[in-house]
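For reference, the structure is listed below as structure tokens.
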Amino acid sequence: MCLALLVILLHCSSLKAREVFTINKVEIRADPSLQVPNGDALTILCIADISKSGNFMIEHHFTFFKDGRILSDITSLQNRTEYKIPAARFADTGEYVCMVKAKEKKKKSEVMLVKVTGLPKPKLTALKNMVTEGEELVLKCEVPEEAPPLTFTFQKLLTPGGPVTRTKKELEKNFTTIEIPVEPGDKILRFQCIASVYSAHGMQESAPSDVELVTVVEPFSTPALVIEPSLNVTEGDNVKLVCRVVVRNYDIEIIIQKDKVILNSTRGQNTLTYFTKVSMQDNGNYTCKVELGSVSKEKTVNMVVTELFSKPELIHSAKMIDEGDWLQLQCKVKGLLPVTKISIKTRYLGKDNLLNDSSSFITKAHVNNTATYICTAEINGIIKESDPVKINVYAPVSIPQLWIVPSVRDVILGRAIRFQCQSMYGTPPITYKFFRGNKTVNSSQIFNKLPAEFRDKPTEVGVEQYSCEASNHHSHIRKRSRELNITVIAPVGKVNLISVPKREVEDGKGISFRCYVETGSLPINFKLLKQNNRKPISEDTKMDTEVIWYKETWSKQDSGEYFCEASNPTNIVQRSDVISINVILASWQKVLIALFVLVIIVILGCGGCCWYLWKKRKAKHPSIEMSGSAGVTNSAGVKLEPRQNSDGQYYPGYMDDSENHMKATDENKGPEHEITEVEYTEVEVSTPDPHRDSGENRYSRSSHGCSTVHRFLVAGLKCASKINIVEKLKVVLMPLRIASSNINCWEKNTKPNPRWKMLHLFQKTL
């Protein structure tokens, strides 16, 4: 038994595990159709098509959506359900969707568009059924069944121009109110309204509402305007205008006006009267207007006035008269009755001055007779005046004067000249013409006594002739000024400065400057100036385009930069480019410096030689110095070294110092110090001779002294070469070279003298 129950339970659990289903489709329908008239019932059906693995129950959750918003949630074991709308309105128009959810599965239907056509008829209400003209009437239109937004249109029926409509939109209410003014003349008012709605799915409009009737009550009647004695009158007649109105105890205002001019008015009365003696100006329309608040009623009549006599006419000889001619005026009047009074007057700034109490006036014209003239005529108390006539009397112009502003003798080429021309006498307006030669440059008309102003720009250098001519409305006179001669000058052009010689001049010599301009009117003022020095070195005014200056005896202080300035009567100064002048030493100064250096060298050389000889003589130490490559032997026949005496002892000799000097000279010698090396004569002694030895010793000492002089000469020439004077010394010491050549010839035959040897060394050094 227990085993059977266990088998049954296992079988039941296996069946429950096999409850499988799927939602195939969700369908949505509209009943009776997708388009429903406004107010009819509408049902939305939702059907779920579900497949199951067995006969088991499933709980369904149905959700209805409209335009994405949830309308209703329904739970059912059935596979279908519905959403009912008892009376469909336009607000129910939209897109519907149904969603079915079973356990964890859900599915939506396709979108279904439902349209509700039409709107219910709106309801129109007038807050008052009886109103007065000028009052504000309040109307209310509503559609209680519909939801906003709604648009309401109010119509005023049976008007002469057709229905008058006013539209108002409501976004949050399903009703609206407006105020409509009651206009004069309205008797019974008829109104109706129409509702409409707009959405993304279209527009619907309701049928017109029922007509609402409103009765209008007049606060006063339309006025009546009467003209007495009649509408057709004659100039001079007395006329009465009467305006009457029927009033129901209201504080009204009555106004009588002609065109826009108010003639008379009253308040709180029902009658208004206006009296006048008519003239031709009173011909026209007259209006009686009655007002109360915003209500206004009026009546207009036309009064015709017959002319008693015509407007007088002032006849004149001419409007523009020359001074001295006759001025004639005559006043003519056309009418049936004789003229009571006639006058001729002048008018100035609205004020009339009596000229003559007759129909004519004649006088010899003067400028004071320039005025505006009228004539007046009076018949039966009616006064009329003619049209005004402006008459001008012109005095002839005087000879004009022409001048330059400001007054100058000369004008600059290319610059504008300002002229003024004026006639001191003559009636304006005066016309001025401006001439250059016989060519008209410009003209101007002046309406006062001020001068006319002209401008001209000369284009050529020379004398220009200008004149002006004056004229006015005088019939004959036209006068011309005297010719004004103007000298046109050109400013100086480019300035150039050159010097001879260029850039350098020797001290003590002169230099020439040439300053010239390329263009410019004469005379021209030239100035030669040094840079940073305001005072001119030279200054000349020439009737020429160039000037030459010569300045003598230049010194080192005159070195610097120079320029030239040029100007003419235009007072425009032009400056040349700057040139540099350098003052160098004169030739004689160079020679003097060379001689001075030479004298110093000679003095130093002689002084050194004498000092050396004195020192040797004081020491009394005999020595024999041999020069050359051959050695000297003593009495025993032994060859001695160049610095040994006959006893074999060494002594400081000439050759040693000379070699040292030559080495030093070679080491320091360069391109700037090309000094010829000293050559010496070699003496070879074969046998000792006391007399000869003593002479040779003296000669050796003299040679050693000349070596010292040679050192001083080399040092002096090195110093001189630094001041660039060696070349000058070579030229100056040419006689010494000639003397030295004579010494060389003498040395070949005789034993050299130390003094001549020193001179020879000096020549060799140079």
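What to note about this one:
- Selected residue (only one of 472, 442 is of a type outside the set (A, V, I, L, M) and either modelled with pLDDT under 85 or over 40 Å from the mean Cα position of the chain (by Cα) (or both)): 472
- Selected residue (only one of 153, 125 is at pLDDT 90 or above and under 60 Å from the mean Cα position of the chain (by Cα)): 153
- Selection within the stretch 460-485 - under 25 Å from residue 319 (Cα atoms), exposed (fewer than 15 other Cβ atoms within 10 Å of the Cβ) and of a type in the set (Gly, Ala, Ser): 475
- Test: residue 119 is under 20 Å from residue 197 (Cβ atoms) and either out of contact with any Cys (no Cβ under 9 Å at 6 or more places or on another chain) or surrounded by fewer than 16 Cβ atoms within 10 Å (Cβ to Cβ) (or both): yes
- Those strands (runs of 3 or more DSSP E) lying entirely in the stretch 194-276 with at least 3 residues free of Cβ contacts under 8 Å to residues at least 40 places away in the same chain and under 30 Å from residue 92 (Cβ atoms): none
- Strands (runs of 3 or more DSSP E) (entirely within the stretch 324-371) containing at least 2 residues that are open to solvent by 80 Å² or more (accessible area, probe 1.4 Å), farther than 21 Å from residue 383 by Cα and not small (Gly, Ala, Ser): 326-332, 360-364
- Some residue of the stretch 375-390 being under 53 Å from the mean Cα position of the chain (by Cα), under 30 Å from residue 279 (Cα atoms) and of a type in the set (Lys, Arg): yes
- Filter result for the condition that a residue is open to solvent by less than 40 Å² (accessible area, probe 1.4 Å) and farther than 30 Å from residue 282 by Cβ, over 413, 402: 402
- Scope the stretch 558-594; condition within 30 Å of residue 410 (Cα to Cα), open to solvent by less than 70 Å² (accessible area, probe 1.4 Å) and not polar (S, T, N, Q); matching residues: 563, 564, 565, 566, 569, 572
- Applying the criterion of being under 38 Å from the mean Cα position of the chain (by Cα) and of a type in the set (Ser, Thr, Tyr) to the residues of the stretch 568-593, the residue that is nearest to residue 491 (Cα to Cα) is 570.
- Residues being under 25 Å from residue 220 (Cβ atoms), of a type in the set (A, V, I, L, M) and surrounded by 13 or more Cβ atoms within 10 Å (Cβ to Cβ) - total across the stretch 232-253: 5
- Output for the stretch 503-537, where each listed residue is closer than 15 Å to residue 574 by Cα, of a type in the set (Val, Ile, Thr) and either part of a loop (DSSP other than H, G, I, E, B) or in contact with a helix residue (DSSP H, G or I) (Cβ under 7 Å, 6 or more places away or on another chain) (or both): 519
- Residue selected from the stretch 384-394 under the condition surrounded by 19 or more Cβ atoms within 10 Å (Cβ to Cβ) and at pLDDT 90 or above, by the criterion farthest from residue 487 (Cα to Cα): 386
- Taken together, the criteria exclude residue 148 from residues that are at pLDDT below 90, within 60 Å of the chain's Cα centre (by Cα) and within 29 Å of residue 254 (Cα to Cα).
- Qualifying residue in the stretch 94-117 (condition: under 60 Å from the mean Cα position of the chain (by Cα) and either assigned by the TED database to the domain that holds residue 38 or assigned to a strand (DSSP E or B) (or both)): no
- Residues that are crowded, with 20+ Cβ neighbours inside 10 Å, assigned to a strand (DSSP E or B) and in contact with a Lys or Arg (Cβ under 9 Å, 6 or more places away or on another chain) within the stretch 122-138 comprise 124, 137, listed in sequence order.
The values are calculated or read from the model by the stated rules, or taken from the named source; none is laboratory data. Treat the numbers as computed from the prediction; the structure is a model and nothing was measured. Every residue, glycine among them, receives a Cβ derived from its backbone with ideal geometry; neighbour counts consider all protein chains shown. The area values use the complete protein model at the heavy-atom level, side chains included, leaving out ligands, DNA and RNA. Shrake-Rupley method; radii C 1.70, N 1.55, O 1.52, S 1.80 Å.
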